[in-house]
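Working notes, beginning with the structure itself.
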Amino acid sequence: MNTTIKGPDGKARCRWCGAAPEFLHYHDTEWGFPEGDDHRLFEKLTLESFQSGLSWRTILAKRENFRAAFHDFDFDRIARFTERDLDRLLKDSGIVRHRGKIEAAINNARRAQELARREGSLAAYVWQYEPAMDELAEPQTASTSPQSAALSKDLKRQGWKFVGPTTVYAFMQAMGLINDHAGGCVIRAEVERARNAFARPPVPR
């Protein structure tokens, strides 16, 4: 199966980015580029959790509403949410109003605080699960990996919710822990250059 399509500039891109107009910019500027900011990492893991059972298009269309509702995914602020905040979010039609997922986001913010205190940062912890080159599957042939399973298991051990191996693998794809752009995609080389230049967070001692 051909995994690329021709983009508006005539260059090949991952086939999935042609599924909706808003996907192209996300694909070209965000997906797969390495990220080391704790709030952006927490945002993507949270949004992947909200996506469970839904389409990414639904979540992407609501992303700015999510950012407003969750204080730009500052997990220190989210960790202080109360029942009043939960009620507010359940009434917010701009986000996905799923009680379990909202409660999980608040719980996970508290777990992220604990993790960041222990590991130095969320980024330092997450990037320990970057696979070696010889451990990678062929681009866009997998929905989980040994690393996503291990990260999922460890997050669950720490009390995180809605972080199954498939959710975590999508997070790893999006945040650049792997370069899963199709082999013929014009953005793949850009992502690889960005990954080569990216300063991995120091592993905590």
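The values are calculated or read from the model by the stated rules, or taken from the named source; none is laboratory data. Computed from a predicted model, the values in this text were never measured in an experiment. Cβ sites come from the backbone with ideal geometry, for glycine too, and all protein chains shown count toward neighbours.
Some points to look at:
- Test: residue in segment 136-146 that is at pLDDT 95 or above and acidic (D, E): no
- Counting only helices (runs of 4 or more DSSP H) that sit completely within segment 19-71, those holding 3 or more residues that are at pLDDT 95 or above and within 22 Å of D85 (Cα to Cα) correspond to 38-51, 63-69.
- Of the residues making up segment 156-178, those that are outside any helix (DSSP H, G or I) and crowded, with 23+ Cβ neighbours inside 10 Å are V163, M175, L177, I178.
- None of A20, A12, A69 is out of contact with any Ser or Thr (no Cβ under 8 Å at 6 or more places or on another chain), within 30 Å of V186 (Cβ to Cβ), surrounded by 14 or more Cβ atoms within 10 Å (Cβ to Cβ) and among the small types (G, A, S) except A20.
- Of the criteria (1) more than 27 Å from N179 (Cβ to Cβ); (2) surrounded by 14 or more Cβ atoms within 10 Å (Cβ to Cβ); (3) among the acidic types (D, E), which one D87 fails: (2)
- Residue, surrounded by the fewest Cβ atoms within 10 Å (Cβ to Cβ), within segment 90-124, restricted to residues that are β-branched (V, I, T) and assigned to a helix (DSSP H, G or I): I106
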